[in-house]
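Reviewing the structure listed below.
The values are calculated or read from the model by the stated rules, or taken from the named source; none is laboratory data. Since we're looking at a predicted model, the values are computed, not measured. Cβ placement follows ideal geometry from the backbone for every residue including glycine, while neighbour counts extend to all protein chains displayed.
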Amino acid sequence: MTTPTGPHDPAAVLVGRLDELALLRGLLGQAAAGRGSGALVVGEAGLGKTALVSALAAEAAAAGFRVLRCRGFRGGEDTGFAGLHELLHPVLDRVDALPARQRQALEVIFGRAAGGSVDRLVLSLATTGLLEEAAQDEPLALVLEDLHWVDPSSTETLVSLPQRLGGTRALVLATTRPDPSRPSPARAFPHVVRLEPLPPGDAGALLSSRAPDLPARVRARVLEESLGNPLALTELATQWVRTGRDADGGHRISMSRRLEQTFLSEVHGLPAGTRRALLVVAAGQDASQPEVLTALGLLGLGAGDLAPAERAGLLGSEGDRFLLRHPLVGSALYDAAGSAERSQVHTALAQAVPSPARRVRHRAAAVTGWDTGVAAELADVADLVFRQGATAEASTLWRRASALTPRPQDRARLLASAAEAARQAGASVDAAALLTQVRAVVDPTQFEVVRRSARTDWLLSMTADHRGRSTLDLVDLARDLPERVDRAEVLVWAATKCYVLQEPGDVRAAVRSALAGEDPGSSLRRIGLALVDPGAPLDVATFERFRTEAQDVDGVLLNCLAFSAEDAGDLVVAETCWSSAVDVFHGSGRTGDETIALCGRATPRVTAGDLAGGLADAEQALRLSRELDLPVVAAMAAAVVARARAWGGERDRALEALRQAEALPAAVPFARVAASAAWAAGVVALNDGRHADALRELAGAAVNAPVALWAGGDLAEAAVRTGRLDAVHDWLRTASDAVQVSGSAHLGLLLERSRALLAGDDAAEQHFRAALEHGRRAGTGFDVARTRLHYGEWLRRQRRITEARDQLVAALRVFDELLVIPLADRARQELRAAGGTDDAGASEGPPRDLAVRSLTAQELMVAVLAAQGLSNREIADQVYLSHRTVGSHLHHAFAKLQVSRRSHLAAALAGRV
């Protein structure tokens, strides 16, 4: 008989995988040339994923690549950031090169610095930046093995690397098994290699290379039962070689289970001490060799007990860790052991490992029944990893702690924490199930737990498919709370539901009545009343007091306040709300909420005529929403980009942004997105002179009342141009009612300007003058300039040429300053028709700023911030890019703007800084 070689011998295992190896070799060559990429190798256990990736890693090392690895292991899914620790630890000496926020994120998760929750996007950028630094010296091969067992917090960052490292000398190679219970990482990788069982010819060739002397009858049996699985071929042949007996029939059970049984049969031939020592390795796959040896000593074993397993090829090493021949060896050993034996092993490991987090996990695994001491330790670790941003792992730890806790009140407290952590991790179904468990055990007098769980329930109902407590349930809950501030907070949640769900009058009346009984001086009370009655004005002072009083400002609430201000026609308060939200969320590392706030702020900025500021917000929101998988926000941001580009005269870019908005099917049902896109399309059509198309598009904005309210000024112009005055009558009534309620000067300007356009010559002038007076109070330069343009056109038709010139010159200067090219062209033509010129240079044509327009959105954003004096690292922290990406964008901007120094940027970007 011939003894088979080791299962990871590339010459043998890679039989039938040469095409896959050739693909990966090509990617390695591209990475060496600075075109980084990533490949995910997917396949069931035993199909050769590790062998394929290991073969390429060996070639990479021989070609001068630095190989960095991390490996998932069963049971390691709950160890927050363990995968990142293992991968990045060898290059952590470069962390000082990173921007401050990114550096702090890594230092927090590595335990080098205290800090709040680590934002996932910042951590992803920090990881990218660190690897970019390392790749400056030598190309990198990043090997991520058994990704299905890597902790979720690390996985979220790791799967972003193939896209982020595209311009870097780095190749990401990952392996995973298909797992229907977890989201597939496949879409994050440009290349996916799916391993299938070997065809009969390759299977026969592999078996011949492994065990050439098998009798024909045994050979046929092994080929039949292995089903083309390379590991099964190896192990079944090994079993016959070792025992001289046929392999037992196992085709009725899963291949993984079949292989586990085969490994167990091999383990059973080892001495009892070796079997127990291997169980220590299997239970402590996160432990170093010294820690495993310490645990062995506590059990009366030693390194010598591992020697037979090493000679049998079941055990090896990698770095400072023992490594079992295959993960199925570990799962077979662990599952076959009795609970008492596993408990003893975990107890020994708990004493051997120095890390408090890993120690308590082993202690928890050793416990049977209740143990309040271990529960308390688990809760402490959960709190730590939650603050680091490992929310999924924190939820698991709090759940485990609750299971070890006998008192229902303590279980309720722990489960409430687990529910909130699950919500923040995006596990909405788990969070809802945990809230159900809380309600089953909570004592009604546990007011803080009741309030916290109700808050999680409310947030879940606002952001996921979760019904949660009704608005009236929240009113009842508030009535039972003893603390005034808690009552007011819960009633604000109810008011927010009123706003979002558009509750009927009786429900709104109940919330209004409950709020009326609260402290009249409370900003929370005023905020709640503003949400219950959309359209009611909300002053900036109340909002600012609310910000200072609120300990934990919610994104949902801030969003509703900003939208409510827009409903009331107050763009100033709306922008104040959104700006406050941007600041709060940027400072607290809540990038998803910050992205929503940036998108929200873009709308009032563009509407008020701050095209540069609104476009910058919308472009950044569009990029971040793609990074964070927020399709509705992305579609909304694209619609705002389209409107800003249209007013800037960038027709093709505006249409491209509209196509991006329409390409996101998840955004289709959202009326605000559809209305915003219709408004942008209407502006494009107005600029083109396609007035009938403009009227049709702008009529589509009616699906969302707040957007339709502000788009009405453009609708009125399209109606006049087409002679369809009836199309604007409904808007005139709605806008008039809104102005009476809110007193909005800006909305009053739009209303009076529209009345002027619709009126006959005898009445038009009084409406134009009223519009300009509203504009003086509102301070909205863009719409004042548009009003002057219309007024100037009307004056010229009345042959009041001197007055017309005055209005047109004033309008033109604003349009040139704001770079509103279509309206600047129109004003310039009208001015020339009136026989006038602009002393500032109107006769020479508007500033086309072609160089600025050639910049991409990110190049422009980076250049503007650099012109304001920010360093590359400061810019990187501000706009969520790696500092080397910032440098690349700035380099391209310099070339396009034809400048060589940062000090020249302000002049080159005139009107943008």
Scan the range 47-65 and tell me whether some residue there is in a loop (DSSP other than H, G, I, E, B), in contact with a helix residue (DSSP H, G or I) (Cβ under 9 Å, 6 or more places away or on another chain) and over 14 Å from Ala170 (Cα atoms).
yes
Filter result (surrounded by 15 or more Cβ atoms within 10 Å (Cβ to Cβ) and either touching a strand residue (DSSP E or B) at 6+ places or on another chain (Cβ under 6 Å) or in a loop (DSSP other than H, G, I, E, B) (or both)) within the range 192-239:
Val192, Val193, Leu195, Pro197, Leu198, Ala211, Leu214, Leu227, Gly228, Asn229
So, Pro520, is that one surrounded by fewer than 20 Cβ atoms within 10 Å (Cβ to Cβ), over 33 Å from the mean Cα position of the chain (by Cα) and at pLDDT 85 or above or not?
no
Any chance Gly304 is part of a helix (DSSP H, G or I), of a type outside the set (Val, Ile, Thr) and buried (at least 18 other Cβ atoms within 10 Å of the Cβ)
no
Considering each of Ala738, Ala745, Ala708 in turn, give the residue that is within 14 Å of Glu697 (Cβ to Cβ) and modelled with pLDDT under 95.
Ala708
Among the residues of the range 625-644 satisfying the criterion of being part of a helix (DSSP H, G or I) and modelled with pLDDT under 90, which is farthest from Ala701 (Cα to Cα)?
Glu627
Could you list all residues from the range 277-305 that are over 45 Å from the mean Cα position of the chain (by Cα), over 16 Å from Gln351 (Cβ atoms) and not small (Gly, Ala, Ser)?
Asp305
Among the candidates Leu27, Leu68, single out the residue that is modelled with pLDDT of 90 or more and part of a helix (DSSP H, G or I).
Leu27
Among helices (runs of 4 or more DSSP H) lying entirely in the range 702-787, which contain 3 or more residues that are surrounded by fewer than 17 Cβ atoms within 10 Å (Cβ to Cβ)?
705-722, 729-742, 761-778
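So that you can scan it fast, the table gives a plain yes or no per residue for (1) part of a helix (DSSP H, G or I); (2) modelled with pLDDT under 85:
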| site | (1), (2) |
| --- | --- |
| Thr548 | yes, yes |
| Val553 | no, yes |
| Leu557 | yes, yes |
| Phe563 | yes, yes |
| Trp578 | yes, no |
| Val582 | yes, no |
| Leu598 | yes, no |
| Gly609 | no, no |
Only one of Ala454, Ala419, Ala425, Ala433 is closer than 30 Å to Thr155 by Cβ, buried (at least 24 other Cβ atoms within 10 Å of the Cβ) and not assigned by TED's automatic domain parsing to the domain that holds Val532, namely Ala419
Index of the failed condition, Val632 passing every other in (1) out of contact with any Phe, Trp or Tyr (no Cβ under 6 Å at 6 or more places or on another chain); (2) among the hydrophobic types (A, V, I, L, M, F, W, C); (3) closer than 18 Å to Asp593 by Cα:
(1)
Hits in the range 872-893 - residues which are among the polar types (S, T, N, Q) and touching a His at 6+ places or on another chain (Cβ under 9 Å)
Asn872, Gln878
Only one of (1) among the charged types (D, E, K, R); (2) part of a helix (DSSP H, G or I); (3) within 16 Å of Gln388 (Cβ to Cβ) fails for Glu132. Which number is that?
(3)
On the basis of being in contact (Cβ under 8 Å) with a residue 12 or more places away in the chain, surrounded by fewer than 20 Cβ atoms within 10 Å (Cβ to Cβ) and on the phi < 0 side of the Ramachandran plot, does Asp688 make the cut?
yes
If I ask for residues that are at pLDDT 75 or above, within 26 Å of Ala642 (Cα to Cα) and not in a loop (DSSP other than H, G, I, E, B), which ones from the range 818-850 would you list?
Leu818, Ile821, Pro822, Leu823, Ala824, Asp825, Arg826, Ala827, Arg828, Gln829
